Amino acid sequence: MKRKFLLLVTIPLLLSAGLFSLVSAQEESLIPAWIKTAIGFWVNGQIPDEEFLKAIEYFVENEIIKVPSQTDDTVLIKNLQILQAEINMKIEQSRELVNISLIQESLAESNASFAATGSPDEIIRQVDERWQSSDPDVPDSIAFNLINNPSANIIRSIMDIDQKSDSQFKYAEIFITNQYGGNIAQSHKTTDYKQNDELWWQKAQQNGVFLSEGGFDESAGVYSSDIAIRILDEDGNFIGVLKAVINVESITDDFS
């Protein structure tokens with residue numbers, strides 16, 4: 001499982017960061033479909049670890065994937081181990097964050113308010129339509145209010161502590177949605193207001209925790225590995241989802 005997690009996070013990240021170069025005439029996608037298919041088969045258990053590693057070795061040996069000779073595997077593995085440890089730590093930190101009474105109360109209030117409308121999905125759709133034009137620097141705008149509320153202040157305080165710590169992989173963004181998928185608090189303006197149509201949101205709701213593959217996060221503007229946590233109230237009822245975007249660009253700093 002540890003090796004699978006490291007490869008799952010690292011392969012797409014290294015392809016996008018340029019440590020692996022692909023010999024392909026296709027420019028439509030950064031990662032060709034056949035690479036994604038191989039990773040998908042492996043993640044879903046359709047091919048064993050050994051077969052997946054053989055496929056990667058074949059790509060390298062036949063120069064389908066080229067690995068620069070100066071890449072220091074020892075440093076890379078060390079950075080990946082640090083990343084795994086810090087992600088585990090941030091998962092636990094996120095769980096503690098969503099159990100803070102103020103955040104639980106904010107979620108309960110938001111969920112009750114949305115439910116009282118009788119059409120929470122329609123409310124979210126309407127807000128989402130106006131989201132792109134909402135200026136986070138204009139007081140009383142939708143985006144401004146979601147960045148400047150008590151729950152968002154807690155989020156930013158967590159991020160400030162993280163920025164001042166010796167953590168190698170910092171939070172780039174944290175936000176929280178209610179049970180309907182609408183944002184209630186955020187560190188920065190997100191790309192969209194509606195989140196329940198996102199895979200990470202759905203998987204977190206179903207499974208409790210979701211870890212993304214490495215990739216570029218448009219909202220935070222960094223290469224990241226993302227954490228999504230299901231939020232429950234004290235009675236075990238689903239009340240929302242937290243997403244934390246972890247900046248993993250420093251994993252390649254030693255090769256810059």
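What follows draws every value from the coordinates through simple rules; no lab data is involved. Not measured: the values here are computed from a predicted model. For neighbour counting, all protein chains shown are included, and Cβ atoms are generated from backbone atoms with ideal geometry for every residue, glycine included.
Per-structure values
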quantity: Radius of gyration and maximum dimension Dmax of the range 92-255, Cα, Å; calculated: 15.4, 54
quantity: Cβ-based net charge around Lys90, under 12 Å, with every Lys or Arg adding one and every Asp or Glu removing one; calculated: -2
quantity: Phi-based couplings in Hz for the range 144-153 (Karplus 6.51, -1.76, 1.60; Gly and Pro marked x); calculated: 4, 5, 7, 8, 10, 9, x, 5, 5, 5
quantity: For Ile100, net neighbour charge (Lys/Arg +1, Asp/Glu -1) across residues whose Cβ lies under 15 Å away; calculated: -4
quantity: FRET efficiency estimate (nearest 0.05) - Cβ-Cβ, Gln126 to Glu92, R0 30 angstrom; calculated: 0.25
quantity: Computed E for Phe238/Asn149 - FRET, C-beta separation, R0 25 angstrom, nearest 0.05; calculated: 0.70
quantity: Local electrostatic count at Glu198 - Lys and Arg +1, Asp and Glu -1, tallied over other residues with Cβ under 13 Å; calculated: -3
quantity: Restraint check, Lys54/Lys203; Lys90/Lys243; Lys54/Lys78, Cα-Cα greater than 20 Å; calculated: Lys54/Lys203; Lys54/Lys78
quantity: The range 92-255, relative contact order [Cα under 8 Å, separation at least 6], %; calculated: 22 percent
